[in-house]
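Read the structure below first, then the notes.
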Amino acid sequence: MRYSALAESLPRPLRRHVLHFESIIEDAVIRFAGGLPSGAWVLDAGAGECRYAHFFGEQRYCAVDLAVGDRAWDYSGLDALADVTVLPFRSNSFAGCLNIVTLEHVAEPGCALAEMSRALSPGGALLLVVPHEWEVHQAPHDYFRYTRHGLEYLLERAGFHEFEIQPVGGYFRLLARRLLNGLQFFSGGWRWIGFLPAAILLVPPALVLPFLDFLDRDRNFTLGYVCTAKKQS
C-alpha cells in the first residue's frame, strides 16, 4: 500500500509516528547532506523521482537511475539513465553517495556497491538504506532483503569501512506497520464496505504499539537499516 497521500495529509508529529521508516530516512538524508562540504559532488545512485534532491541545495547533486522500477514515476529529473552496477562516471568523482531503498532491486548488489565505491573519492561518504522485512514491491525487480551481517559483508568487500548500521525500529514498530498494511485489502470495488470496520480494528493498535518498541532491545525484528560508511583512503 502506498502512503504518500496519507503522509501529505497528516500533521507532522502524527506523520512521523505512523510513517516512522520514511521519517528516519529523511532525517538521515538531512544529516548526510549537512556533513558534506558546500559545492561537493554527490551521487544519488537509484534516485527514482529525485525526492531527496532538495536536501542538497549546497552541493552538486547528480541523480542516476535505470528507470524501470515504477512505470507511474516521473524520471525526468534524472541526470543520467544508467545501471548502478555500471556507473557512467570516472573513478573518484564524488564526495558522497546515497542509495536509498534501492539495493534490494539490484540483482548484483555487490557489484553496485563496488561501483559506488569506485565513483567515490578516497574517504568519500556513503548513505545506504535497505529493507529487512518489507513486502514485495516494484516486481519483478525485487530481489533481496538484508541483515546487518550481510550489509557488513557487502560493504567490506566493496572497499568501505567505518560502518554504522542502525535498525529502523523493532518488533512493535514492525507490527504496527504491518497492521496498517492490512488496510490495502479493503480498497477497490465492494471491498470498500469493509474498510471502516478494518480501520477501526487495525488503526488503534497500530498507533499504540510503537510505544512498546523499547522492549525490543535486540532489534532483530526491524523494517530496515540505515547505514553510513566511508570509502577506504
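Whether a residue is touching a residue at least 24 places away in the same chain (Cβ under 8 Å) and more than 30 Å from residue 182 (Cβ to Cβ) was assessed, and residue 69 does not pass this test. Summed over region 135-173, residues that are touching a strand residue (DSSP E or B) at 6+ places or on another chain (Cβ under 7 Å) and on the phi < 0 side of the Ramachandran plot total 14. Annotation for region 107-116: at least one member residue is touching a residue at least 60 places away in the same chain (Cβ under 8 Å), touching a Lys or Arg at 6+ places or on another chain (Cβ under 9 Å) and either over 19 Å from residue 25 (Cα atoms) or assigned by TED's automatic domain parsing to the domain that holds residue 202 (or both). Within region 214-233, the set of residues being among the hydrophobic types (A, V, I, L, M, F, W, C) and in a strand (DSSP E or B) comprises 226, 227, 229.
Every residue, every condition in (1) outside any loop (DSSP other than H, G, I, E, B); (2) surrounded by fewer than 18 Cβ atoms within 10 Å (Cβ to Cβ); (3) under 21 Å from the mean Cα position of the chain (by Cα); (4) in contact (Cβ under 8 Å) with a residue 60 or more places away in the chain, yes or no:
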residue: 140; (1), (2), (3), (4): no, yes, yes, no
residue: 144; (1), (2), (3), (4): no, yes, yes, no
residue: 153; (1), (2), (3), (4): yes, yes, yes, no
residue: 166; (1), (2), (3), (4): yes, yes, yes, yes
residue: 190; (1), (2), (3), (4): yes, yes, no, no
residue: 208; (1), (2), (3), (4): yes, yes, no, no
residue: 211; (1), (2), (3), (4): yes, yes, no, no
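State whether one or more residues within region 187-206 are more than 30 Å from residue 93 (Cα to Cα), polar (S, T, N, Q) and modelled with pLDDT of 95 or more. Scanning region 187-206, I find no residue that is more than 30 Å from residue 93 (Cα to Cα), polar (S, T, N, Q) and modelled with pLDDT of 95 or more, so the answer is no.
The values are calculated or read from the model by the stated rules, or taken from the named source; none is laboratory data. This structure is a prediction, so every number in the text was calculated from the model and none was measured. Note that we place each Cβ from the backbone using ideal geometry, even for glycine, and neighbour counts take in every protein chain shown.
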